[in-house]
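Input: a single structure, listed below in structure tokens.
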Amino acid sequence: MSRLVAFAAIQGGYNIVSKVEGKYKRALQTYNADTKVGFPNTAYYLPVIYSLLGIKVEKLEDMQKPLAFARKLLPPHVKGQNHLPYLGPLLDAGMAALFAFEIEEALRYLEEPNFYLPAEEVDEEAGKIWLGAADDTIMRKRGVEFVDGSAPGFAAIVGSAPDAATAKLIVEEYQRRSLYIFCAANQNGTTVIDQLREAGVQVGWNTRIVPFGPDISSAIFALGFANRAAMAFGGVQPGDYKKILKYNKDRIFAFVNALGDVNAEWAAAAAGAINWGFPTIADTDIPEVLPTGICTYEHVVANVKHEEMVQKSVEVRGLKTTVSKIDIPCAFGPAFEGERVRGADLYCQAGGGKTQCTEYLKMAAMSEIEDGKVTIVGPDIKDIKEGGAFPLAIFMQVAGREFQEDFEPILERQTHHLINYIQGIMHMGQRDIAWVRISKQAVEKGFTLKDIGVVLHAKFHKDFGKILDKVQVTLYTKKEDVDKITAQARAAYKHRDERVENMTDEDVQTYYSCTLCQSFAPTHVCTVSPERTGLCGAYNWMDCKASFEINPTGPNQPIEKGEVLDAKMGTFAGVNEFIKKASRGAIETYNFYSMVVNPMTTCGCCEAIAAMLPACNGVMTVNREYAGDTPCGMKFTTLAGVMGGGASSPGFVGHSKFNITQKKFINGDGGLLRMVWMPKILKEEIKERLIKRGKELGVPNFYDMIADETVGVTEEAILPFLQEKGHPALSMPPIVG
Amino acid sequence: MAEITKVKEAAEEKAAKLADPKEASIDVATQQMIARAQKLGIDTVFDRAAAMKPCNIGIQGICCKNCAMGPCRLPLPKAGIVGEDTRKGLCGATANTIAARNFARMVAAGAAAHSDHGRTVAEVFLSVARKETHDYKIKDVDKLLAIAPHFGVETTVNADGAVKDRNIDEIALEVAEKALAEWGKAEGTLTYLKRAPQPLQEKWKKFGVQPRNIDREVVDIMHRTHMGVDQDYKNIVKQCSRASLADGWGGSMIATDLQDVMFGRPTPLQSEANLGIMKQDHVNIIIHGHEPVLSEMIVAAAQSKEMVDYAKTKGAKGIQLGGICCTGNEILQRHGVPPAGTFLQQELAIVTGACDAMVVDVQCVFQNLANVAKCFHTKLITTHPMAKMEQDNVIHIEFDEHHALDDAKRIVTMAIDNFQNRKGEVMIPNIKSTQIAGFGVESIEYHLGGTFRGSYYTLNDNIINGRIRGLAGVVGCNNARSKHNNAHIEMMKELIKNDVLVLTTGCGGIAAGMHGLLTPETAGVYCGPGLKEVCETVGIPPVLHLGSCVDNSRILLAATEVIKAGGPWKDLSDIPAVGAAPEWMSEKAIAIGQYFVTSGVYVIFGGNLPVTGAPVFQNYLFKGIAELYGGRWDFCEDPVEMARRMIAVIDQKRKALGIDKARDRVLMDMADRQKLEA
């Protein structure tokens, strides 16, 4: 009976709002009204309040308005008989509770600044297991996974399972299906996170099991994450609550699992989540709300058995998840990609400076190899002592009528995440500097090196079946074999690099569109050319070409570049035609190589954003991982907020990190030599290539001329440094024409 | 002896003319009051219906009295038409022409009644906007801002490059002037037509039925149906359509909107219904008629401390207001004032002996009220300059919007003073039902998802998935020729049993309230499983009361919201929605039926429809017209059979939309999501 749900949720709404009003009153007695409040490193203020009401809460006194709104939203209580309609009031009460929760959590950040650990991973030793609000860096990084489909959705789990084993059962099943698991609230003091730790499950953003907080109020962080995704990737404007919530209903496949007794406060939170189209699936006997409308299917489903919880939940939400069924003894899926194999857990390893570890994929003739054949040449895990290190070469041979040599590096690159997907195995690096760490847990389950071959064979067939017919994997663990393969591999890498580096936009007639992120950023279309890799950093021209071959109707479509209208700016008649159509006339033209004049559109997924610095006559760029201030006056997240959503904004452009050292990078504006400022971490990340490119441009010490945050974060602060270094940008023609 | 026989015969004859209370109504309170009236020797409409049969020729719609060469009567031959239909009047008018002209004049009268009501409201609103009256105010600014754009009235101004909110008084004045101009503007078409779904607007344009202004279409009918003008029944029906749209999408809709602006939009509230709401120890004032302009003021006066205190000085415990007909519905929807009964119970409210004053304005007011009032202490007060009565016990207090509250207080004072004059036995039936009323287009939207997700999409989704089979408007009057309330209630029960959500207005709404169909608990008792589940989820009754008969415009707009919220439909004629007036009697019902048909809706009437004498014309209304607008007329006496026909039409529409089969659960993967439109 919905009436009982309404009764409880409305009661809960009153309790929560009253409680938070009290807390707020006390805070005002302790702190000045203009005390800064908010969640760490975010441009979205208190994101639920900001996204839905358009109210920016920056100071303690700013909480007054949304709290008053929440109070006003509280509907009359529901009568037992001859009651008035309650669906609208129920949802309003839930929303009021959620606004109050967000304020409550912001007050906690103010009053207990060390309660949450602002990191991606928990600090077990320090006992810091609650991570609190995801900052914008995490939101964007993880958001991209929602965008490209590697994370199909999230399960918000509140409460705790009857025991640790049950918690593990449910959560690992979500992991297998690649969902994120956002955890909040406790049941009589016990949380799912406690139970998972007890069961030896790694928690943290890297395993997709996110410990938000121990109270029901911390569930608000899940909704704040979702709403920021709508703004960052969907380009929905703050305050446009109808669109934000519709975006969530249609595109963010999230739901709530209520584990344990549902009290009035939980009921209010669940009612609030229904506004997002996020249903609640409970393991207790609570009143159900089955008809559809606000959610895509049911709203509240009760009494679900723990072993059916995951399947029922995704069905109720209308989500299709796929589990890679691969015949290995360990669990497998993207959720295990970020899992670590720490020293104490390590059984043995290859690479990492101790031994050579190489991955090499080579095209083979159809008759040359046998599909599915996995061979271990040399000792296997069982032959290696605990704590040992061994050399390893993973030699993959691929054949197929559609296969081309150009696809070799694309497939080879897959080994990193595919090996990481195996639970208990960790992979770092690539090519001849790979590093594989194998945990005791994996070995206990029966993991052998053969399983790496099994995974590669199965996944290559599944993901690239259109372009390959046969996959054979040989794993060498004897030093002489490894060295031999490594030598061959290095020759191949050199050949490939030269080919890719020498490939220019002039060389090809066909560029590719990329609409991979359109599930999240529906108005954005990328165009990818050899010298303008996708701004997300994930897709270069070759990837797009392969993707088109694999899936001719997929997100990457060829664009005939047509007449070259302006070679310096990178304007192409065929591209213009295409974008005009793709943007439904909103954008008529853009330039591949300019950020000043008609730059390419930017979506929320970009790795870095370049901005003009007129006083320095140059440009800066900032990567998504850098959370600090920048000389353009905006942090990355603010820039992305302004730029994302498919706009072409003169003076700004989103780009990949790799693109910075590509030859055509802002060619129309003077090229890389315009670069006057970069965050230190980005500078260091691409140091080698920066130095090389500087030399090519005739400025061998260019790397040292680029200012970073240690020099300053304003134009005034960095200008003397640039003058002192004799930065080439200063003597270029004015950047603004 | 002969004389005795004569007296006896006369007595028997008289006895035969009385109604059987149990046959006259399904409502026990009504039965009790009919019996009481009969015992007191007072005749009521029920008895008169028993005594006087309807005219057998008029009932077929083929009596022409439009010129002094007639009346020409063209009854259908007993055996029906064999071969060519050669019937004609002196001028040669065929049965089709005569029936169509009579039908058209009903449309004209009905449209005139609603629209003239609308005009009064618009005039009062103009005086509010001009600040000529202080008794009325703009109570619902949001509603004003919502309708202003439909009149092309700007709600913002550009001041120094910044967009600012425009002054409310300025907006009000411009809306008032533009609204009032709709009745007589010289050029263009009605401005509210553009609120309809686009395909429907195109149909109206294509078939030339866009009203030019509200008054003109009524005058057009009166001219056209004058002797020797339009003698093509299809062309006459075309004008019926045009005049009816001037009502539904014109006068009625403007009336509803401006009433909302001045008196507030209805929101769901709890109230009661039936004669049992009258209280022995209270001053009972019954408000009857249609225009809420006066009744709003009476509510304000009766609830004032001044008046309540005054009532106490006269020995009463307070003042009980009760409504009859649509003015009752207006104050029910906005203030929770309970209706004392439907149209057919107006005399019975006086028969209780507890009615200290009955205040009437326009439409559906029995002249016999004066005769009944004469038998009791009841003051019968007429208030409208166009609606007086010849009987000398009727008091006329003409209502003037400039002194509205004073007029209202005068009336309430008169009722209070009359409390002590009650004579004889007071007998109030101890029968009343609880009801949840107060639904409207906006409040339904809110309750379908709250402040943030409120949307008709929630309703659509449940129509598409089949929990709700369809929508039915069950509206209209009572008719003494059929058992009071029976057809309304039987039909509604049959519909909700089959998962059809019912929207009701007028006396149909009061009937539903009296018989308990307007409570949320009803859903568990009478509904099919799908509708029951939806009602329980939203917390609504399966029958939603949307107000008075001018508020049928709310049903048009609610249906339009269904289109706008998205689904497999594009036009009103696509959605599984139907209309019915099972106990109709007023010409207004014909106008309403015609505007629903012209808006694409299947409409079925009960009782009798005066078109049967002209089969070709009837066939055009029942079939041919559907080719133009998608809607058509139908007629049937049996309410359950009516409901079945409505359900059949709903099922046809569902099939055409491809929503007649169970919907599969779609599990979305990434590729599906990438296909989502921006």
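In order along region A:123-134, phi translates into HN-Hα couplings of 10, 4, 5, 7, x, 8, 10, 9, 9, x, 4, 6 Hz, rounded to whole numbers, per the Karplus curve 6.51 cos²θ - 1.76 cosθ + 1.60 with θ = phi - 60° and x for Gly and Pro. Remark: chain B projects, on average over all directions, an area of 35.4 nm² (convex hull of Cα atoms). The dipole here belongs to region A:334-502: it is taken about the Cα centre, uses +1 on the Cβ of Lys and Arg and -1 on the Cβ of Asp and Glu, and is about 380 debye. Working from label points 7 Å from Cα in the Cα-to-Cβ sense, the residue B:672 to residue A:704 distance is 6.0 nm. For chain A, the 222 nm mean residue ellipticity estimated from helices alone, with every DSSP H stretch of n ≥ 4 adding -39500 (n - 2.57) and the total spread over all residues, rounds to -11000 deg cm²/dmol. Over the C-alpha atoms of region B:259-322, the Rg to Rh ratio, Rh being the Kirkwood estimate, stands at 1.00.
Two-decimal Rg/Rh of the protein assembly as shown from alpha-carbon positions, Kirkwood Rh? With Rh from the inverse mean 1/r over Cα pairs, Rg/Rh is 1.07. Think of each Lys and Arg Cβ as +1 and each Asp and Glu Cβ as -1; about the Cα centre, that makes the dipole of region A:106-196 roughly 320 debye. Taking a cut-off of 20 Å between Cα atoms, list the lysines near residue B:78, but don't count ones fewer than 8 places away on the same chain. Those lysines meeting the cut-off are B:53, B:88. Database remark: amide H of residue A:469 closer than 5 angstrom to the amide H of A:399, A:400, A:401 (H placed geometrically; neighbours at sequence offset of 5 or more, or on other chains; Pro and chain starts carry no H). Potential lengthening of the chain between residue B:195 and residue B:430 amounts to 80.1 nm, from the contour at 0.36 nm per residue minus the alpha-carbon distance. Once the convex hull of all Cα atoms in region A:673-717 is built, its volume per residue stands at 62 Å³. Note on chain B: helix-only mean residue ellipticity at 222 nm, from DSSP H runs of 4+ residues weighted -39500 (n - 2.57) and normalised by residue number, equals -14000 deg cm²/dmol. Anything over 30 Å Cα to Cα? Flag those among B:623/B:661; A:23/B:305; A:79/B:432; A:312/B:493, in the order listed. Check vs 30 Å cut-off fails for A:23/B:305; A:312/B:493.
Overall dimensions of region B:95-263, expressed as equivalent-ellipsoid semi-axes from the Cα gyration tensor (√(5λ), whole Å, largest first), are 35, 18, 11. Size check on region A:125-204: the Cα extents along the three principal axes, sorted descending, read 36, 28, 21 Å.
Temperature 37 °C, viscosity 0.692 mPa s: under these conditions the Stokes-Einstein estimate for region A:267-409, based on its Kirkwood radius over C-alpha pairs, is 159 µm² per second. Using C-alpha pairs below 8 Å separated by at least 6 residues, the relative contact order for chain B is 16 percent. In this Cβ point-charge picture (+1 for Lys and Arg, -1 for Asp and Glu), chain A has a dipole of about 700 debye about its Cα centre.
Be a star and scan region A:28-48 for residues whose amide nitrogen sits under 12 Å from the point 7 Å along the Cα-to-Cβ vector of residue A:111. Only A:28-31 fall inside the zone, counting backbone N under 12 Å. What the phi angles of region B:423-434 give under the Karplus curve with 6.51, -1.76 and 1.60, with θ = phi - 60°, is a coupling list of 10, x, 7, 8, 9, 9, x, 7, 10, 7, 10, 7 Hz, glycine and proline written as x. The modelled label-to-label distance for the pair residue A:692/residue A:510, using points 7 Å beyond Cα in the direction of Cβ, is 2.8 nm.
Less than 16 Å apart at the alpha-carbon level, and either on another chain or at least 8 residues along: which aspartates and glutamates does that give for residue B:203? Partners within reach: B:571, B:574, B:627. Short-range pairs are left out: with C-alpha atoms under 8 Å and at least six residues apart, the relative contact order of region B:435-657 is 23 percent. Can you give the relative contact order of region A:210-331 as a percent, counting alpha carbon pairs under 8 Å and 6+ residues apart? Relative contact order for region A:210-331 comes out at 18 percent. The C-alpha atoms of region B:435-657 occupy a region whose extents along the principal axes are 53, 37, 29 Å, arranged from largest to smallest.
The lysines whose alpha-carbon is closer than 18 Å to the alpha-carbon of residue A:459, local same-chain residues fewer than 8 away aside, are A:325, A:362, A:373, A:450, A:470.
3J(HN,Hα) couplings calculated from phi for region A:280-294 with the Karplus curve 6.51 cos²θ - 1.76 cosθ + 1.60 (θ = phi - 60°) are, in sequence order, 10, 10, 10, 9, 10, 8, 9, x, 8, 10, 8, x, 9, x, 6 Hz; Gly and Pro show x. Shown here is the pair-distance distribution of chain A: with all Cα-Cα distances grouped in 10 Å bins from zero up to the longest one, the shares run 3, 13, 22, 24, 21, 13, 4, 1, 0 percent. Note on region B:275-419: semi-axes of the ellipsoid equivalent to its C-alpha gyration tensor, largest first and rounded to whole Å, are 19, 17, 15. Applying a threshold of 18 Å to the alpha-carbon distances of B:238/B:564; A:65/B:137; B:570/B:655; B:17/B:483; A:36/A:242 flags B:238/B:564; A:65/B:137; A:36/A:242 as lying beyond it. Kirkwood radius, region B:69-155, all distinct C-alpha pairs, inverse of mean reciprocal distance: 17.8 Å.
Database remark: amide H of residue B:185 closer than 5 angstrom to the amide H of B:214 (H placed geometrically; neighbours at sequence offset of 5 or more, or on other chains; Pro and chain starts carry no H). For the residues of A:283-294, the average number of beta carbons from a partner chain within 10 Å of their own beta carbon is 5. The H on the amide N of residue B:337, modeled in the peptide plane, is under 5 Å from the matching H of B:332, each at least 5 residues off or on a different chain.
Since every read-out is calculated from the coordinates, none of them should be taken as a lab result. All values derive from a computational prediction rather than experimental measurement. Positions of Cβ are generated from backbone atoms using ideal geometry, with glycine treated the same way; all protein chains shown enter the neighbour counts.
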